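Report on one structure; see the data block that follows.
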Amino acid sequence: MYNQDYKNAALAALKGNWAPAVLASVIFVLITLAVVGPSEISSFTQLQPKTSLSISGGVLLLYIFVYFPLSMGFFNTFRSLLDEGDTELTHNMFADTLKKYGRNVLGMGFMYLKAVLWSFLFIIPGLVMVFAYAMTPYILKDNPELSAWEASPRSREMMKGHKFDLFWLELSFIGWMLLAILTLGIGFFWLYPYIYTAFAAFYNDISGKNAPVAVEAAPVAKEVP
């Protein structure tokens, strides 16, 4: 499939479902801001080193136990929309977050940790590995028999030969990202559903799981006798 195929599949799934999709995005962003907010505030205020260190530690724990599993639920809620037409996006986001919660925390934690460790070596290999591990959230949900540690290697194997494809797909949204920035970020509430539903279509393609909500086929012309 081509980038436009993934985008068409995303738009088809989102048609008539933008309201619940935007609501899920708003909730996800607000929770994310609540996680990173204390760290950002402390960086602009004069705090004692001990207090600043305590805030940083608290933020790290929030990242691990809130943001990591929630991001897994956020990515997969748009896949449920794509595959099943399930419009309970906010409910599904939290349901996927809490189902096998400990495994989700560890699985997403290992994914981010590996990407960070690669980045410490060299910037470019680190970026490459971000794309190599990008399918981990979907694999965690699709393969409950896998351990938390095994999900990211499965993603790395799946993404062999496809890392640039995902990079190119993400880059194709750059124009929309610039427009979203011009709206003071409000446009991202609509852009995130578009991007992550397209990413879900990408996962379905490379994993061999074809979504029912795909690009609409052109009508077949009837034979003229």
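Restricted to the range 138-203, the set of helices (runs of 4 or more DSSP H) holding at least 2 residues that are free of Cβ contacts under 8 Å to residues at least 60 places away in the same chain, among the polar types (S, T, N, Q) and surrounded by fewer than 18 Cβ atoms within 10 Å (Cβ to Cβ) is empty.
Only one of the numbered conditions (1) in contact with a Phe, Trp or Tyr (Cβ under 6 Å, 6 or more places away or on another chain); (2) closer than 25 Å to N8 by Cβ; (3) modelled with pLDDT under 95 is violated by A221, and that is (1). Summed over the range 76-132, residues that are open to solvent by 50 Å² or more (accessible area, probe 1.4 Å), touching a residue at least 40 places away in the same chain (Cβ under 8 Å) and in a helix (DSSP H, G or I) total 4. Here Y63 passes the criteria (1) closer than 17 Å to S25 by Cβ; (2) open to solvent by 40 Å² or more (accessible area, probe 1.4 Å) except the one numbered (1). The condition of being in contact with a Pro (Cβ under 8 Å, 6 or more places away or on another chain) and of a type in the set (K, R) holds for K100.
The values are calculated or read from the model by the stated rules, or taken from the named source; none is laboratory data. Since this is a predicted model, take the numbers as computed values, not measurements. For neighbour counting, all protein chains shown are included, and Cβ atoms are generated from backbone atoms with ideal geometry for every residue, glycine included. Each accessible area value is taken on the protein alone, full model and side chains, heavy atoms only, with ligands, DNA and RNA left out. Shrake-Rupley method; radii C 1.70, N 1.55, O 1.52, S 1.80 Å.
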